[in-house]
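Quick notes on the structure that follows.
The values are calculated or read from the model by the stated rules, or taken from the named source; none is laboratory data. Just so it is clear, the model here is predicted, and its values are computed rather than measured. Virtual Cβ from ideal backbone geometry, glycine too; neighbours counted across all protein chains shown. Note: areas computed on protein heavy atoms with side chains; ligands, DNA, RNA excluded. Shrake-Rupley method; radii C 1.70, N 1.55, O 1.52, S 1.80 Å.
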Amino acid sequence: MQKIRNIAIIAHVDHGKTTLVDKMLLAGHLFRENQEAGELILDNNDLERERGITILSKNVSIRYNDYKINIIDTPGHADFGGEVERVLNMADGCILLVDAFEGPMPQTRFVLQKAIQLGLKPIVVINKVDKPNCRPEEVQEMVFDLMFSLDATEDQLDFHTMYGSAKNGWMGEDWRTPTGTITPLLDAIIKYIPGPEFIEGTPQMLITSLDYSSYVGRIAIGRVHRGILKEGMDVMLCKKDDTMQKCRIKELHVFEGMGKARAAQVGSGDICAVVGVDGFEIGDSITDAENPEPMKRIAIDEPTMSMTFTINDSPFFGKEGKFVTSRHINDRLMKELDRNLALRVKRSETSDIWTVFGRGVLHLSVLIETMRREGYELQVGQPQVIVKEIDGEKCEPVEAMTINCPEEFSSKMIDMVTRRKGDLLMMESQGDRIHMEFQIPSRGIIGLRNNILTASAGEAIMAHRFLEYQPWKGVIEKRLNGSIIAMETGTSYAYAIDKLQDRGRFFIYPQEEVYAGQVVGEHSKEGDLVVNVTKSKKLTNMRASGADDKARLIPPVIFSLEEALEYIKEDEYLEVTPKSLRMRKIILDETERKRLAKK
């Protein structure tokens, strides 16, 4: 056995996974001097920091007592399933991190299920035991039940449990006595997680991730399965379509701390980066040049949702973005396919429209948000679920969803979910909160989060994950209210908005530029309403004795990207630019829209 440990860290969003890894890096004396207190090292991409979620998996390593521990940080959201599956292929064991109050959550279950199927040995860490209302013993029972229900083996069920608080930097065997240090966890990793065996034979490595450098191009990352890889060695790249390609390894790097270090050779069981192999895809194998034996490819869950992407053709195109043409968008989407395994892109042959398939609204919205930050302008349509025909029957994706909310809102929640064809499976009270489990079609989840947060005064916690395809559930009622649409292009005035406030709620501020066909608000009734928000007050030389009324405006509703995607209707687009999000009708001209409606 070797002095290497490869571990993946599994946890629900916000249970303290990235904080724990940071503390482990500190224990391995890998902190940077200029690092500010409380700044997370691993979530280093702006989007991850703002949302507090991990999107891309990262590799770091720690040296502890002559052992090398490779830590792989995994995303917790089921939408990033493509990331999770590649990453777990590199590990021998996993740390399951659970909040001492909330217990295991649906997204923990998603990643844990993958880990158990791969036969990884778990260590359970119950975090945040310094919280006032925590219940560590109950949570440990819940974890055992969860693993049992996921068909874990007896060896996996015989897991070791640690308690502690990552924020305060300690871990120990007993939650009542803080140890003041995180090293007991590192000792447990070395003791309970098996080291990789050194497998003799011809070299084999599965590419599970990739990096990009402007100097050397694409870099393949993966774990050496057997044999030894050396610099300057001739190898064979085995591809998806069973073709072979001969390459030479120019450089080898292993992970040391936060960065990489160059190595002359890497043996079986360690994780490394290979420079010099061109034209590979994730899932390809690097094998011996003389007698190549490809490894089994990674199986990735199929996409369940699709969205239309198109170039920005609104009257305001090109004012804010750097990249606006169809060629720019096409190149960017093709580049994304290299890294983002669960994504598929299909381009229409006649027009500049791409259909992008992904794992959920979050998965696709992260791509759109990344593109707008890079300076792209584009328009996207309403998210649609992917319908399949199974045995001659029309089927749609169904998700398992949990809602946790205060008791007084539970009936409202059940009413909302059942109207969207959801079924309540289980309901239990946890103190003054109620925990409910549902099965609901993916179509029903689009736009549901907003309504649930509004109805529960922001108290509800909702999580969902893809379950399976089931027969079509019938029509689901969508947003009934129509849109308020601008009649003319120009500057909106407070005077005009004030006179229209009883017709609905607005999404724009006074003095904002609008164009004809832009959706500027939500109508209080069904059906669309076209209004003139660019009308200003005309002054005359005659004044009445009554003073002018001040315009009293209700603040407009401002949408985030996901909320806007879930809000738009089938005949609307969301225009996304680096500085703004605008909703619009696909057909801007009012007479044209009426003519089509008559047809």
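Okay, here's what the table says:
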quantity	calculated
Vicinal HN-Hα couplings computed from phi for the stretch 215-228 (Karplus, 6.51 cos²θ - 1.76 cosθ + 1.60; Hz; Gly/Pro x)	8, 10, x, 7, 10, 8, 10, x, 10, 6, 7, 8, x, 10
Charge dipole (the chain, unit charges on Cβ, about Cα centre) - positive-most of S165, T181, L424	L424
Projected area averaged over orientations for the stretch 364-425, convex hull of C-alpha atoms, nm²	7.4 nm²
Estimated FRET transfer efficiency (E488, R552; beta-carbon r; R0 22 Å; 0.05)	0.35
GluC sites (Glu not before Pro) within the stretch 177-255, DSSP loop, no more than 16 other Cβ atoms inside 10 Å	E197, E200
E562 accessible area, 1.4 Å probe, all protein chains in place, Å² to nearest 10	50 Å²
The stretch 191-333, Cα convex hull volume normalised per residue, Å³	194 Å³
Overall Cα dimensions of the stretch 177-274, principal axis frame, Å, largest first	58, 34, 27
Surface/4 of the Cα convex hull for the stretch 558-599, nm²	3.4 nm²
Evaluated over the stretch 499-599, the Cα radius of gyration and Dmax, each in Å	16.4, 52
Q430 long-range amide H proximity, modeled H, under 5 Å	H435
Principal axis box of the stretch 115-240, alpha-carbon based, largest edge first, Å	58, 36, 25
Cα-based equivalent ellipsoid of the stretch 434-493: semi-axis lengths in Å, sorted from largest, via gyration tensor	32, 19, 10
Mean shadow area of the stretch 397-462, taken as a quarter of the surface of its Cα convex hull (nm²)	3.8 nm²
Gap separating the Cα centres of the stretch 143-189 and the stretch 109-135, nearest whole Å	8 Å
With eigenvalues of the C-alpha gyration tensor scaled by 5 and rooted, the stretch 290-353, Å	34, 14, 11
Spacing of the two label points (7 Å from each Cα toward its C-beta) at I353 and Q501, in nm	4.0 nm
Amide H within-cut-off set for I485, under 5 Å, with H built and near neighbours excluded	V520, L529, V530, V531
Carbon + sulfur, % of accessible area of the chain - ligands and nucleic acids excluded, 1.4 Å	49 percent
Gap separating the Cα centres of the stretch 577-599 and the stretch 376-439, nearest whole Å	30 Å
Å² per residue, accessible surface of the chain at 1.4 Å	47 Å²
Radius, Kirkwood style, for the chain when every pair of distinct Cα atoms is counted (Å)	26.9 Å
5 angstrom amide H check on A166, placed H, neighbours 5+ away	K128
Magnitude of the charge dipole, the chain, Cβ model with Lys/Arg +1 and Asp/Glu -1, debye to 20	1920 debye
